[in-house]
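Asker: Can you keep this structure in mind? I'll have questions shortly.
Just so it is clear, none of the values below were taken in a lab; they were calculated from the coordinates. Note that the coordinates shown come from a computational prediction; the quantities given were computed from them, not determined experimentally. Glycine gets a Cβ as well: all are built from the backbone with ideal geometry, and neighbour counts include every protein chain shown.
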Amino acid sequence: MNEYIPYIIFGVTSGAVFGISAMGLVLTYKTSGVFNIAHGAVCAAGAYVFYSLRQQADLPWPVAAALVVCVFGPLMGIVLERLAVAFSGVPTAFKIVGTVGLLVALQSLITLIYGSTSRVFDPFLPQGEAFSVSGTKVNYEQVIILLLGFAAAGALVTFFRLSRLGTAMRGVVDDPALLDLTGDSPTRVRRYAWIIGSSFAAMSGVLFASTQAQIDVNVLTLLVVQAFGAATIARFQSLPLCIVGGIVVGLLQKLVSKEITAYPDLQGLDLATPFIVLFIGLLVIPRRKLVETGRQIRAKAVPPSRVPRPFRAAGYGTTLLVALAIPQLWFVGAHLPAYNQALTQVTLFVSLHLLVRTSGQISLCHFGFAAIGAIGLGHMQGYGMPFALAVIIGGLLCIPPALLIAIPAIRLSGLYLALATLGFGIMLAQFCYGKSYMFGFGSLATERPAGFSDDETYYYLLLGVAVASVIAVLVIERSRLGRVLRGLSDSPVALQTLGLSVNVARVIVFCISGFMAGISGALYGSLFGSVSASTFNYVNSLVILAVLAISGRRVMSAAIVAPVLLYVIPNYIGDPDMNTMLQMAFGLAAMFAAANAQGGWDVPFTRLAERSSDRLRGPAEARLRRLEAHDGPSDKAQPVHGPRVPVTR
Amino acid sequence: MTLVLENLAAGYGGTTVLRGINLVVPPSSVVALLGANGAGKTTLLRVASGLLKPSAGRIHLEGRDVTGSSPHQLVRRGVCHVPEGRGVFPSLTVRENLVLQSVAGNESDAIARAVSAFPRLGERLSQLAGTMSGGEQQMLALARAYIQSPRLILLDEVSMGLAPKIVDEIFEFLAMLAQSGASLLLVEQYVTRALEVADFVYLINRGEIAFAGEPSELDAADVFKAYVGVGL
């Protein structure tokens, strides 16, 4: 029993940190209905600000901690509340895209300032021995963190029970409009919720960095995964249960890490614990207890293109001609491999487009599917299988995991599918990539098909595959399945009254999309003769979603714009800092695109236009009239009455 | 308190529900707003309390233009809207509901007032509002119209779905509110009962005011026509 004690102590301590983080996450989700995938990035930002204040600006730690929790956290909360308002009017899929954009932007910003390598984080809490449990010493830091966790939970519970603001926060969860009618502004109440949530996030980030004694943006961003593991146990509802959930996840993680030392095959399983907890939670928690918070908003159909059909056809024809001529063009030259990369990703982007735009579902693990495809190719080629068959098997290998994720999550709703895919992608990266059945420790050898070793000839083969996959998606969109999916976004009730099963269609499209992602991964893997785990970093799954969001609303635009943005342009830039900035721009643009998914920006723009037209009737018109009285009437001085544009919401 | 709606239009999304509405609620009077399902009664109340921004027209409260104010700002000006359905927070206790209904800093006094108006609530202060009976929930929702001492009360079908005995109790309560000097704008399904207490009546038909005047000027045929859409 004694050998378990250190693990239990570490588990409980880190669990308390997860619990604090999860409380912030659940509080903001419940009050605003926006699940912040970037919660971990907020934790990371808090930790880095603390690091700068304490280790770079040499402030004493209590000052640094106070600044982070009482100034940085609230400021962040105020910004996030505004963002949540912008995302409140869009379908769940785009709420997730928006917060994914925030994650990408924040992570790039941190990388830009501090670099992507981890730094030493000096522990600041006292390290002396507080007491010992059967020979294992427990230091003050661990005691303080645990007490902080429980104190935070206790304070929140008291706050919600006894204070008026806390009561109003619970009221806003029940019925924001009614709260407004009783005299409390829901916006103000939500702002305080975000302030508390962000301060908790910042605090948990600092504590987490301190327990790890290092600060690493990628590790800290993952704190959101531990937090949603803990939040699952709290059913995304109960705040006090978050701290319990956090401790359960923390304990499980450490105990698993102890047990698996004897089994190399299971190495890394401890890191996947939160995902497993989430997955079991999604399976066993009754559906009625996991209702999504907030208004459910149906996606608006994409308006018909304003460009007349002949022009569009001509445009696509020209694009195809340019694509055919690419290897010969003067500006391509040594950049051709980047074009090849981009072409392999066309399949990935159209598959994601099919999922996100057509069926309104989200996958945060598409690069994980791509990795499975690449591994399939590598291993099958290792058995001497021909190229085409190996690629298809790579794609087929994605279907079982796609089914495994989609079935339990689709039972619930879009948000939980997104969480399940995010968790799956991360588990794949942390647990599976290093195993011999995937990439192993080194890299996996792959081959191009015979006769295509030259980049230029391979370019044409890849172009053919890309065109084929675009056509495949267009056909699916026009097929019965596509009609069902489009009908789903128009009126799910109408579909059900027609007797069509919606969930089967959703699962099918998820599997098709996973299959295509696998194909794209296999092609990508074949480009350079070998693939390794670092090629398929899970963060890329988030980046591609952000890029897709800004690449227009149609299949063709997604197929053309997105790969160019993500692969060709960075290749020309070359400078890594510039590329990080570009990635940050993708994140910011994705947030903007998500907020605008239902034409959200039309409202402020129309207001502005209306105000400008009012101005002509107001002081401007008066000025014009004065001019007229002075100079006599002139043609120029005729007041122009702009049409009054009604603001519709 | 005087409420004046001037040439008001409002709707949801691209749909216009109300157009060209002119309506006055004079001080210390009861105004009944009658009309068929979908005529726009609830929408009109939502606009008057700020829940819905009008697409055209003005809202004046005691001569002050309050168009575009949010509901909580109007609450501070003395407007109280008891919405359709049960206007309570179901997962909060009765006491917590009353706390939110009261003015900050004045909570215990407010609870005492609510209990004096509806003694039944006093027995249930720590019960979750959502677990009470429909009548009790409506009493809790109406308590707001008393403890905030509002000067304009908008009531949206507060008697809907309740037992006749409780409806009597609610109408007694409304009469008491009217006597206290507040103005009432009443949307009701019990047309005759509403006309009994009303000083003025508006008939609304397909988003437009079809009749405005005193209840005595209104005959049953007009009411029937407004509800059914055809004459007798």
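Asker: Quote the relative contact order of the stretch B:3-228 in percent (integer), defining contacts as alpha-carbon pairs under 8 Å separated by 6+ residues.
Answerer: 29 percent
Asker: With equal scatterers on the alpha carbons only and no solvent term, can you work out the Debye log10 of I(q)/I(0) for the stretch A:363-432 at 0.24 1/Å?
Answerer: With no solvent term, the Cα-only Debye profile gives -0.97.
Asker: Shielding of A:181-191 by partners, i.e. mean partner chain Cβ atoms within 10 Å per residue?
Answerer: Counting Cβ atoms of other protein chains within 10 Å of each residue's Cβ and averaging gives 6.
Asker: If contacts are Cα pairs under 8 angstrom and at least 6 residues apart, what is the relative contact order of the stretch A:1-159 in percent?
Answerer: This gives 34 percent for the stretch A:1-159.
Asker: Arrange the peptides A:374-384, A:201-211 so that the one whose residues have, on average, the most other Cβ atoms within 10 Å appears first.
Answerer: Numbers: A:374-384: 20.7, A:201-211: 28.3.
Ranking, from highest mean packing down: A:201-211, A:374-384.
Asker: Given a cut-off of under 8 Å on Cα pairs at least six residues apart, what relative contact order in percent is computed for chain A? Present the calculation step by step, with values, prior to reporting the outcome.
Answerer: Details: 1068 pairs, mean separation 137.2, N = 649.
Over chain A, the number comes to 21 percent.
Asker: In addition: Which percentage, to the nearest 5, of the DSSP beta bridges contained in the protein assembly as shown is antiparallel?
Answerer: Just about 60 percent of them are antiparallel.
Asker: For each of A:LEU283, A:LEU255, B:LEU61, count neighbouring Cβ atoms within 10 Å of the residue's Cβ, then give the residues from fewest to most.
Answerer: Final ranking by Cβ density, sparse to dense: A:LEU283, A:LEU255, B:LEU61.
Asker: Using packing as a proxy for protection, rank A:135-147, A:440-452, A:95-107 so that the peptide with the highest average count of other Cβ atoms within 10 Å comes first.
Answerer: Sorting A:135-147, A:440-452, A:95-107 by mean packing, highest first, produces A:95-107, A:135-147, A:440-452.
Asker: Once you average over the residues of B:74-85, how many Cβ atoms of partner chains fall within 10 Å of each Cβ?
Answerer: Details: counts 3, 6, 1, 0, 0, 2, 3, 5, 1, 4, 0, 2.
The shielding value for this peptide is 2.
Asker: Cβ neighbours within 10 Å, averaged per peptide: list A:403-411, A:333-341, A:570-578, A:227-235 in order, most packed at the top.
Answerer: Top of the packing list down: A:227-235, A:403-411, A:333-341, A:570-578.
Asker: Using a Förster distance of 60 angstrom, determine the FRET efficiency expected from the C-beta separation of A:THR187 and A:MET385, and round it to 0.05.
Answerer: 0.50
Asker: Enumerate the calculated ³J(HN,Hα) couplings along the stretch A:162-172 in order (Karplus 6.51 cos²θ - 1.76 cosθ + 1.60, θ = phi - 60°), each rounded to whole Hz, writing x wherever the residue is Gly or Pro.
Answerer: Along the stretch A:162-172, the couplings run 9, 8, 5, 4, x, 4, 5, 5, 6, x, 5 Hz.
Asker: Using only DSSP helix segments of four residues or longer, with each worth -39500 (n - 2.57), what per-residue ellipticity at 222 nm results for chain B after dividing by its residue count and rounding to 500? Walk me through the numbers before you get to the answer.
Answerer: On the way: 9 runs with 83 residues, N = 232.
Result for chain B, helices only: -10000 deg cm²/dmol.
Asker: Cross-link candidates for A:LYS30: which lysines have Cα within less than 22 Å, leaving aside residues fewer than 8 places away along the same chain?
Answerer: A:LYS30 reaches A:LYS95, A:LYS289.
Asker: Subtract the Cα-Cα distance of A:ALA445 and A:ALA313 from 0.36 nm times their separation in residues, and report this length gain in nm to one decimal.
Answerer: Taking 0.36 nm per residue and subtracting the Cα distance, the gain is 43.4 nm.
Asker: Turning to a different aspect of this structure: Simple spin-label model, 7 Å along Cα-to-Cβ: A:TYR140 to A:LEU500 in nm?
Answerer: In this crude spin-label approximation the distance works out to 6.6 nm.
Asker: Rounded to the nearest 0.05, what FRET efficiency do A:ALA325 and A:ILE280 give with R0 = 41 Å and r taken as the Cβ-Cβ distance? Could you check?
Answerer: 0.15
Asker: Cross-link candidates for A:LYS258: which aspartates and glutamates have Cα within less than 18 Å, leaving aside residues fewer than 8 places away along the same chain?
Answerer: Of all the aspartates and glutamates, those that pass the test against A:LYS258 - Cα under 18 Å, at least 8 places apart if same chain - are A:GLU3, A:ASP270.
Asker: What average number of partner chain Cβ atoms lie no more than 10 Å from the Cβ of the residues making up B:7-15? Each step should come with its number before you reach the end.
Answerer: Working: counts 0, 0, 1, 0, 3, 2, 2, 3, 1.
Taking the mean over all residues of the peptide, I get 1.
Asker: So how much slack lies between A:PHE159 and A:LYS435, counting 0.36 nm per residue of separation and subtracting their Cα-Cα distance, in nm?
Answerer: Between A:PHE159 and A:LYS435, full extension yields 94.6 nm more.
Asker: Shifting gears a bit: Just flag the trypsin sites (Lys or Arg not before Pro) in the stretch B:38-139 sitting in loop per DSSP whose Cβ has no more than 16 other Cβ atoms within 10 Å.
Answerer: Numbers: sites: B:LYS41, B:ARG46, B:ARG58, B:ARG64, B:ARG76, B:ARG77, B:ARG86, B:ARG95, B:ARG113, B:ARG120, B:ARG124; in loops: B:ARG77, B:ARG86, B:ARG124.
Answer by residue number: B:ARG77.
Asker: Give the cross-link partners of B:LYS53 among the lysines, using a straight C-alpha distance below 20 Å as the criterion and excluding same-chain residues fewer than 8 apart.
Answerer: B:LYS41
Asker: Run the simple label-point estimate for A:SER557 and B:SER116 please: 7 Å along Cα→C-beta, distance reported in nm.
Answerer: 6.4 nm
Asker: Given R₀ = 51 Å, what would the calculated FRET efficiency be for A:VAL302 paired with B:LEU128, taking r from the Cβ atoms and rounding to 0.05?
Answerer: Values: r = 44 Å, r/R0 = 0.86.
With a Förster radius of 51 Å, E is 0.70.
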